[in-house]
Amino acid sequence: MQEILDQLRRLKAQRNAVILAHNYQRAEVQDAADFVGDSLELSRKAAQAKADVILFCGVHFMAETAAILSPEKIVLIPDENAGCPMANMVTVRELRRRKQEHPDAVVVCYVNSSAAVKAESDVCCTSANAVNVVRSIPAGREIIFIPDCSLGSYVSRTLDRPMILWPGFCPTHHRILAEEIKRLKAAHPAALVVVHPECTDDVVDLADHVASTTGILNCCRESDAREFIVGTEIGLLHRLQKESPGKTFHMLTALADCPNMKLNTLEKMVWALEDMAPRVTVDPAIAAKARLAIDKMLAVPR
Ligand code: CIZ
Ligand code: SF4
């Protein structure tokens, strides 16, 4: 392990690279990174970094967002098969057809989507700002929310605002079951229940707090509670324990383990910097249009 970390450090200096890791990455990948965070935080870090190369340890759409925000940098991903099934649940063709059926609708696109789909959308959102993004759209305007029907439903119910939802979902978060919360809550009655809005409605309804990965980390760090029942991808446990030592975390299920996130390993990080591949690039015309939707999101007050 030490040998591989030394190799990584040497290659990082040689390539003038910055290593970014998503909150759901393997513990050792997170520990080897310069920054750990959610996809948008990481893309912003990438844009600010004075590096020539970004090694993005996450899934493909996240690396694409980094490439869109840093067109002058080389973006590498340790394993090019690290895709996101939810992002693959909407295609440009299907979206264009839906837009034709609702020509006046505003398309709000969760960042868990391809650059090409973002380019067909009006405004992006993350799980952290989805409620504010939708709130910023004038009442009366029809909204098509893609691709996550669970996040869409959470926003719609929070704001009491009907939206046209897309039938996409996160297979990992949908493994988290309401009955599991009830069982853990009975065993740990003092624990606070914190879940990600990619979970199903019945899970969200049982939570004390619904938040993005960064929101979950902040909530658990700042709360007076000592014990938490957490409903999200299990990779977050590493940062939760690191940032809130002494507190107890019950992850809702070990089955909420995203196989795509876990494809990135220390070995593949070394190979990527050695080979300068696999590279993630976005067609400039698509990147320019996708950037408009991302910038519109960034302009929404938090
Ligand atoms: O945008 C991200 O990083 C994802 C997928 C989740 C989150 O809540 O941070
Ligand atoms: Fe996609 Fe879900 Fe995996 Fe995130 S956890 S990359 S949304 S499948």
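Quick notes on this structure:
- Gaussian network model of the chain, springs between alpha carbon atoms under 10 Å - residue of A178, A47, A225 with greatest fluctuation: A225
- Measuring r between the beta carbons of D295 and K242 and using R0 = 41 Å, the FRET efficiency lands at 0.80.
- Subset of K45/K268; K45/K242; K45/K247; K12/K296; K262/K289 violating a 27 Å alpha-carbon distance limit: K45/K247; K12/K296; K262/K289
- HN-Hα J in Hz across segment 29-36 - Karplus 6.51, -1.76, 1.60, θ = phi - 60°, x for Gly and Pro: 6, 4, 5, 8, 8, 7, 9, 10
- Fewest-first sequence of T172, T265, T65 by Cβ atoms within 10 Å of each Cβ: T265, T172, T65
- For K118, K268, K50, order by how many other beta-carbon atoms lie within 10 Å, fewest first: K50, K268, K118
- Neighbour-count ranking [beta-carbon atoms within 10 angstrom, fewest first] of R157, R302: R302, R157
- Backbone HN-Hα couplings from phi across segment 255-262 [Karplus 6.51/-1.76/1.60, Hz, Gly and Pro as x]: 6, 7, 10, 6, x, 6, 4, 7
- Put simply, segment 60-204 fits an ellipsoid with semi-axes of 28, 22, 14 Å; these come from the alpha carbon gyration tensor as the roots of five times its eigenvalues, largest first.
- Close amide H pairs (under 5 Å, H built 1.01 Å from N) link G168 with C149, residues at least 5 positions away or on another chain.
- Max mean-square fluctuation residue, GNM over the chain, Cα-Cα springs under 10 Å, options V92, V133, V29: V92
- Gaussian network model of the chain, springs between alpha carbon atoms under 10 Å - residue of Q25, Q100, Q241 with greatest fluctuation: Q100
- All alpha carbon pair distances within the chain were sorted into 10 Å bins beginning at 0; the resulting P(r) in whole percents reads 6, 28, 34, 24, 8, 1.
- Of all beta bridges that DSSP places with both ends in the chain, some 5 percent have antiparallel geometry.
- Between L255 and R183, the modelled labels are 0.9 nm apart [label points 7 Å from Cα along Cα→Cβ].
- Remark: spin-label model distance S223-H102 equals 3.3 nm, labels positioned 7 Å along the Cα→Cβ axis.
- Exposed loop sites here are GluC sites (Glu not before Pro) assigned a DSSP state other than H, G, I, E or B and surrounded by at most 15 other beta carbons within 10 Å; excluding them, the longest clear run of the chain is 143-302.
- For segment 131-218, the Kirkwood hydrodynamic radius from C-alpha pairs, put into Stokes-Einstein at 37 °C and a viscosity of 0.692 mPa s, yields a diffusion coefficient of 235 µm² per second.
- Rg in Å to one decimal, and Dmax rounded to a whole Å, for segment 173-251 via C-alpha atoms: 11.2, 31
- Amide H contacts of E227: L192, T248, each under 5 Å away and 5 or more positions distant or on a separate chain (H built 1.01 Å from N in the peptide plane; Pro and chain starts excluded).
- Distance between the pseudo-spin-label points of D34 and N132 (7 Å out from Cα toward the beta carbon): 2.6 nm.
- FRET efficiency estimate (nearest 0.05) - Cβ-Cβ, D160 to M276, R0 35 angstrom: 0.10
Where a number appears in this text, it was derived from the coordinates with a stated rule and is not lab data. Not measured: the values here are computed from a predicted model. Neighbour counts run over all protein chains shown; Cβ positions are idealised from the backbone, glycine included.
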